[in-house]
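The values are calculated or read from the model by the stated rules, or taken from the named source; none is laboratory data. The structure displayed is predicted, hence computed values, not measured ones. As a convention, Cβ positions derive from the backbone with ideal geometry for all residues, glycine included, and neighbour counts pool all protein chains shown.
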Amino acid sequence: MFTVEELEERLIDLSFAEDIGDGDHTTLCCIPSDAMGKSQLIIKEDAVLAGIEVAKKVFKCFDPEMQVEVFINDGAKVKKGDVAMVVTGRVRSLLQTERLMLNIMQRMSGIATMTSKYVERLEGTKTRVLDTRKTTPGMRMLEKQAVKIGGGCNHRIGLFDMILLKDNHVDFAGGIANAINRCHEYLKEKGLDLKIEIEVRNFDELQQAIDCGGINRIMLDNFSVTDTKKAVEIIDGKFEVESSGGITFDTLRDYAECGVDFISVGALTHSVMGLDMSFKACN
């Protein structure tokens, strides 16, 4: 299995390969190879900044001689007109790394900004906001980093670090009890120690999950606010409780005030707007 660092390096390498191909002919035709210059990253809207550390890796990967001076770090609140960093090096390197760096930073900053708004919405409750696996292929590690930078929490990273028995698992396994019992048999056989969460769609499945036990968390899928409050009372602290499905920013706090431990929000990563910023030549 690859480490986070290895996955980031592979993403950067692949991104340069698809962007530059056999050469950035626009830059190569008009910029001398020995020309040196400087560019600054200008923020164009208020936000939470994310991706600075990854940007430094992008520059280093392409041209180790590029020098990065950071003025604003990941997690900081930025305003329109702020200069987050200045990069010095070969002009060719500045031009060829610009788009990839911006793509990553705009995406990560947009996610961090969105997440911070959800976190603020939950202030005063015990509920924490979680991301999901609804991420851009190849960019999951970066997008989940951005969620954490914005103050949110990561759900499972992938299919390997937690058991999450969804509705299809339950249906194909022949019911709640079968799914949970087979899960324990598998974990014992493989010598694995993973948390177990099960998704329930109604009060009948909820009671089955409680009666069966052997789980760490129950996910209430598409429960109304009223039903969520009732479900939390039934669970009575025996298991962690997560709400998921159809929850918007406007209804977020209503669910939190029911007493759930977590609310998972796919919108943090699957439909966020990138942050407006630019990388401009400077003196």
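Being within 22 Å of Cys282 (Cα to Cα), out of contact with any helix residue (DSSP H, G or I) (no Cβ under 7 Å at 6 or more places or on another chain) and modelled with pLDDT of 95 or more is a property that Gly81 has.
Yes/no matrix, rows are residues, columns are (1) loosely packed, with under 13 Cβ neighbours inside 10 Å; (2) acidic (Asp, Glu); (3) touching a Pro at 6+ places or on another chain (Cβ under 9 Å); (4) not in a loop (DSSP other than H, G, I, E, B):
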site: Asn178; (1), (2), (3), (4): no, no, no, yes
site: His184; (1), (2), (3), (4): no, no, no, yes
site: Leu192; (1), (2), (3), (4): yes, no, no, no
site: Glu197; (1), (2), (3), (4): no, yes, no, yes
site: Leu206; (1), (2), (3), (4): no, no, no, yes
site: Ala209; (1), (2), (3), (4): no, no, no, yes
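Residue-by-condition table, conditions (1) over 21 Å from Gly274 (Cβ atoms); (2) in contact (Cβ under 8 Å) with a residue 60 or more places away in the chain; (3) not in a helix (DSSP H, G or I):
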| residue | (1), (2), (3) |
| --- | --- |
| Leu11 | no, yes, no |
| Asp34 | yes, no, yes |
| Ala55 | no, no, no |
| Lys60 | yes, no, no |
| Asn73 | no, no, yes |
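Has the stretch 123-134 got any residue that is part of a loop (DSSP other than H, G, I, E, B), out of contact with any Leu (no Cβ under 9 Å at 6 or more places or on another chain) and polar (S, T, N, Q)? Yes, because at least one residue in the stretch 123-134 is part of a loop (DSSP other than H, G, I, E, B), out of contact with any Leu (no Cβ under 9 Å at 6 or more places or on another chain) and polar (S, T, N, Q).
Restricting the stretch 47-74 to residues that are in contact with a Lys or Arg (Cβ under 8 Å, 6 or more places away or on another chain) and either surrounded by 13 or more Cβ atoms within 10 Å (Cβ to Cβ) or modelled with pLDDT under 95 (or both), which is nearest to Leu100 (Cα to Cα)?
Among residues in the stretch 47-74 that are in contact with a Lys or Arg (Cβ under 8 Å, 6 or more places away or on another chain) and either surrounded by 13 or more Cβ atoms within 10 Å (Cβ to Cβ) or modelled with pLDDT under 95 (or both), the one nearest to Leu100 (Cα to Cα) is Gly51.
Of the residues Ser244, Ser224, the single one that is outside the structural domain of Thr97 (by TED's automatic domain parsing) and either crowded, with 21+ Cβ neighbours inside 10 Å or within 19 Å of the chain's Cα centre (by Cα) (or both) is Ser244.
Out of the residues in the stretch 17-31 meeting the condition of being more than 30 Å from Gly81 (Cβ to Cβ) and in contact (Cβ under 8 Å) with a residue 12 or more places away in the chain, tell me which one is farthest from the chain's Cα centre (by Cα). Within the stretch 17-31, the match that is farthest from the chain's Cα centre (by Cα) is Leu28. Of all the numbered requirements in (1) at pLDDT 95 or above; (2) surrounded by fewer than 17 Cβ atoms within 10 Å (Cβ to Cβ); (3) in a loop (DSSP other than H, G, I, E, B), Asn283 misses one, and that requirement is (1).
Quick check on Val232: is it surrounded by 14 or more Cβ atoms within 10 Å (Cβ to Cβ), part of a helix (DSSP H, G or I) and out of contact with any helix residue (DSSP H, G or I) (no Cβ under 9 Å at 6 or more places or on another chain)? For Val232, the condition - surrounded by 14 or more Cβ atoms within 10 Å (Cβ to Cβ), part of a helix (DSSP H, G or I) and out of contact with any helix residue (DSSP H, G or I) (no Cβ under 9 Å at 6 or more places or on another chain) - is met.
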